[in-house]
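Working notes, beginning with the structure itself.
Every number here is computed from the coordinates shown, using simple stated rules; none is lab data. Bear in mind the structure is a predicted one, so any value in this text is a computation, not a measurement. Every residue, glycine among them, receives a Cβ derived from its backbone with ideal geometry; neighbour counts consider all protein chains shown.
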Amino acid sequence: MPFTAGRPVTEAKADLFKALAHPARVRVLELLAERERTVGELAAETGMELSHLSQQVSVLRRAGIVDSQRIKNSVICSLRDPQTAELLAVARRMLTKNLRQDQALLSELDAADDAVARAAK
């Protein structure tokens, strides 16, 4: 649910993150960050069935993240706010940084030559 007056901001933020908390919805947002797309294009690019995709897009619309409009026989979807793409980019940077740190720690553990490392062999 989008932000409304009198509603705690933390609640609105939690709802935003809940709407983002599904891999299919994240993939839809990644595609829409590139450009607007029809529901048919989104279905083809995500591999989702139209009924499942429509449910996911509805969640994003209710959360105020995605807009959609009907033009003739097509429904065209777009990001409501371009900052959504920035949010996805920040998430990617965070994941990349964490994975690099984990990889460095794993390398250190692999290179360790102490009693614990020798006992594990």
* To do: For the chain, give the magnitude of the charge dipole about the Cα centre (Cβ charges: +1 Lys/Arg, -1 Asp/Glu; no others), in debye to the nearest 20.
  => 420 debye
* Structure fact -> Taking segment 9-79, the whole-percent share of alpha-carbon pairs separated by over 15 angstrom is 49 percent
* Asked: Given the rule -39500 (n - 2.57) for each run of at least 4 DSSP H residues, summed and divided by the residues of the chain, what is its mean residue ellipticity at 222 nm, to the nearest 500 deg cm²/dmol?
  -> -21000 deg cm²/dmol
* Along each of its three principal axes, how wide is the spread of alpha-carbon positions in the chain, in whole angstrom units, largest first? -> 70, 41, 23
* Assuming R0 = 25 Å, can you tell me the calculated FRET efficiency for the pair Ala91 and Thr4, based on Cβ-Cβ distance, to the nearest 0.05? => 0.45
* segment 1-89: which trypsin sites (Lys or Arg not before Pro) are DSSP loop and have at most 11 other beta-carbon atoms within 10 angstrom? -> Arg35, Lys72
